[in-house]
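Visitor: Got a structure for you, written out below as structure tokens; questions coming shortly.
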Amino acid sequence: MRNLDKFYIGGEWVTPTSSSSMPILNPATETQIGTLAMGGAADVDRAVTAAKSAFESFSQTSQGERLALLDRLLEVTKARQEDLAQAMSQEMGAPITMARDAQADAAIGHLEGFIAAMKELPTRETLANGDILLREPIGICGLITPWNWPMNQIALKVVPALATGCCCILKPSEHTPMSAAIYAEIIHEAGYPAGVFNLVYGDGLSVGSAMSRHPDIQMMSFTGSTRAGSAITKDAADTVKRVTLELGGKSPNLVFADCDLEERVAGSVHEVMYNTGQSCDAPTRLLVERSCYDQALEIAKATADGIAVGNPAEEGDHIGPLFDRIQYERVQEKIQTGLDEGARLLSGGLGKPEGFETGWFCKSTIFADVHNQMAIAQEEIFGPVLVVIPFDTEEEAIDIANDTPYGLAAYLQTGDAARAERVAARLRAGAVHINGGGFNYGSPFGGYKQSGNGREGGHMGLEDYLEVKTLHFG
């Protein structure tokens, strides 16, 4: 894979100042598919210098000029969608059909959502008191993205920076650099001025920390673990940066007996196992009304038992491997914890599925008879593992749902429209998915509590990259 040994800085691929590197492995085959150059503080300084130089002119471009660039970016992204899908399938194990239809499609869908929002964004407005309100780019932005939805998160951070007139430095996950390199090529081909977008590979302790502490970076946007988000916030505090965070989750899914049980329980299980459970907003706590609990368990078990595991290079609706050995071992430890805590193993369990001894494949696993004080009900597992918790009343369901340090998403299955509104209003989460309702491009995404702050996508996603200036005339 080209451009893994260089960084994209100032409009060209440059040799890193550091000589350190790391192997990139295919999680399905455990074979090396590339060698990644790893940067440090000096590389960040170089990227910031390029971004500062570009900001002088790019920040002054008109909304129309930036929209024209976004339209060109959309055109090139569509032409490279298959390249993005193939890269993500290889580097993080997303089955190619899903990599194409969801992982790579996010680069297009979010971009279209931001273009629509930009067309409606007022950069100048007159307040009722006669003062003028201006919206201006915040400055140089440091962007750190994860490995589980590589292009989804890159698009949610890079596109609003470009749209609002900011300049940026992207540090993608060091585990998924191939798709990021292709995206840098896409931005270059779209015609963005040198220095507007910069790409530096590296880990959080070196590149990430250098970005968070850099005095010339005005904003940090991070997606990843709550632990790392806290560290970034502390690093950014001395220079009083704006920090937006999209962090972990342990999303509840409330199933009431009045829903279409067969459809909604089966759909809920598939939602958890999608992307091999590696989604921060996955509905990993299934809260089921006791009157339909046994029936729901039967449906859940049959669904999980029917989920196929397969080679991510092959077309189909199977799930692929976890993204690396360390993640596989973490998930195995969490499954063992569930067994030790006395939860009833309904499906799956320890070890790899039969026939998949090579690669970091994991069984779709369900634990029943869980209570919310168990570690498997409180801790983010980030694998294809679902816990099922019974409840007796609506009030109890809401209490269990909110009894978590997270608040990224919640899910609700009911045939009663009034109940749906009533319960959703009391769930402490940034999004509530009702009866299978999915996320739509252009809507804000983000969470409550330790799931982060700020929102990504659409109008609110643009506002995070803007400063507000008020003009007071005499």
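Read-outs throughout are calculated quantities, based only on the coordinates presented, and are distinct from any laboratory measurement. Here the structure is a predicted model, which means the values were calculated and not measured. When we count neighbours, we look across all protein chains shown, and the Cβ atoms used for this are built from the backbone with ideal geometry, even at glycine.
Visitor: Output ³J(HN,Hα) for the range 368-379: one whole-Hz value per residue in order, computed from phi by the Karplus curve 6.51 cos²θ - 1.76 cosθ + 1.60 with θ = phi - 60°, and x for Gly and Pro.
Guide: The phi angles translate into 9, 6, 8, 10, 6, 8, 5, 4, 5, 8, 10, 9 Hz.
Visitor: Still on this structure, I have one more. By a straight-distance test (C-alpha under 27 Å), which lysines pair with Lys119 as possible cross-link partners, with residues fewer than eight away in the same chain excluded?
Guide: Lys52, Lys78, Lys157, Lys469
Visitor: What ranking of Ser179, Ser230, Ser18 emerges when the number of other C-beta atoms within 10 Å of each C-beta is taken as an exposure proxy, fewest first?
Guide: By the 10 Å Cβ count, ascending: Ser230, Ser18, Ser179.
Visitor: For Gly34, enumerate residues with amide H under 5 Å from its amide H, sequence gap 5+ or separate chain, H modeled in the peptide plane.
Guide: Ile24
Visitor: Compute for the chain: radius of gyration divided by Kirkwood radius, i.e. Rg/Rh, restricted to C-alpha atoms, rounded to two decimals.
Guide: Ratio of gyration radius to Kirkwood radius: 0.98.
Visitor: Right, another one. Would you mind checking which residues have amide H under 5 Å from Phe197's amide H? H placed 1.01 Å from N; only 5 or more apart, or other chain.
Guide: Those qualifying (amide H under 5 Å, at least 5 residues apart or on another chain) are Cys168.
Visitor: Another question, then. Quick check for me: using +1 on Lys/Arg Cβ and -1 on Asp/Glu Cβ, what's the dipole size of the chain about its Cα centre, in debye to the nearest 20?
Guide: Magnitude of the dipole: close to 1240 debye.
Visitor: Need the list of aspartates and glutamates near Lys241 for cross-linking: C-alpha distance under 13 angstrom, and skip anything on the same chain fewer than eight residues off.
Guide: Leaving aside aspartates and glutamates fewer than 8 places away in the same chain, those within reach of Lys241 are Asp216, Asp464, Glu467.
Visitor: Along each of its three principal axes, how wide is the spread of alpha-carbon positions in the range 245-296, in whole angstrom units, largest first?
Guide: In descending order, the Cα extents are 38, 18, 15 Å.
Visitor: State the dimensionless ratio Rg/Rh of the range 252-441 (Rg: radius of gyration of Cα atoms; Rh: Kirkwood radius).
Guide: 0.95
Visitor: Around Thr31, what is the net charge, scoring Lys/Arg as +1 and Asp/Glu as -1 over all other residues with Cβ under 14 Å from its Cβ?
Guide: It works out to a net charge of -2.
Visitor: What full-extension length gain, to one decimal in nm, is calculated for Ala418 and Arg227 as 0.36 nm per residue of separation minus the Cα-Cα distance?
Guide: 65.0 nm
Visitor: Relative to the longest principal axis of the C-alpha atoms of the chain, give the angle of the C-alpha long axis of helix 63-79, reported between 0 and 90° and rounded to the nearest 10°.
Guide: 50
Visitor: Amide H to amide H, which residues 5 or more places from Tyr448 or on other chains are under 5 Å from it, using H placed in the peptide plane?
Guide: Residues meeting the amide H criterion: Gly407, Leu408, Gly430.
Visitor: Another one. Taking the Kirkwood radius as the inverse of the mean 1/r across Cα pairs, report the Rg/Rh of the range 407-474. Don't skip to the end; give the middle numbers.
Guide: On the way: Rg = 16.2 Å, Rh = 14.0 Å.
Rg/Rh: 1.16.
Visitor: Once you have the alpha carbon radius of gyration of the range 7-247, what is it after dividing by 2.2 N^0.38 Å, with N set to its residue count?
Guide: 0.99
Visitor: For Lys334, give me every one of the lysines with a C-alpha distance below 30 angstrom, ignoring sequence neighbours fewer than eight places off in its own chain.
Guide: Counting by Cα, and skipping residues close in sequence, Lys334 has these lysines nearby: Lys171, Lys234, Lys250, Lys301, Lys352, Lys363, Lys449.
Visitor: Using θ = phi - 60° and the Karplus form 6.51 cos²θ - 1.76 cosθ + 1.60, what ³J(HN,Hα) does each residue of the range 47-60 get, whole Hz, x for Gly and Pro?
Guide: With coefficients 6.51, -1.76 and 1.60, one gets 5, 5, 4, 5, 5, 4, 5, 5, 5, 3, 9, 5, 5, 9 Hz.
Visitor: Using only Cα atoms, find the angle between the long axis of helix 325-341 and the longest principal axis of the chain, and express it within 0 to 90 degrees, rounded to the nearest 10.
Guide: Approximately 40 degrees, to the nearest ten.
Visitor: If the chain between Asn129 and Ala237 were fully stretched, how many nm would it gain, using 0.36 nm times the residue separation less the Cα-Cα distance?
Guide: Length gained between Asn129 and Ala237: 35.4 nm.
Visitor: Then there is this: Among Ile326, Ile169, Ile138, Ile96, which comes first, second and so on when ranked by fewest other beta-carbon atoms within 10 Å? Numbers along the way, then the final one.
Guide: Details: Ile326 11, Ile169 30, Ile138 18, Ile96 22.
Ranked by crowding around the Cβ, least crowded first: Ile326, Ile138, Ile96, Ile169.
Visitor: Per residue, what volume in Å³ does the Cα convex hull of the range 98-238 take up?
Guide: 142
Visitor: Which whole-number value in Å³ per residue fits the convex hull of the alpha carbons of the range 1-123?
Guide: Numbers: hull volume 15.4 nm³, N = 123.
Each residue corresponds to 125 Å³ of Cα convex hull volume.
Visitor: Shifting gears a bit: Using Cα atoms only, what is the angle between the long axis of helix 293-305 and the major principal axis of the chain, expressed in degrees (0 to 90) to the nearest 10?
Guide: The two axes meet at around 60 degrees.
Visitor: Taking the chain as a whole, which cysteines find no other cysteine Cβ under 4.7 angstrom from their Cβ?
Guide: For the chain, the answer is Cys166, Cys167, Cys259, Cys280, Cys292, Cys362, because their Cβ atoms have no other cysteine Cβ under 4.7 Å.
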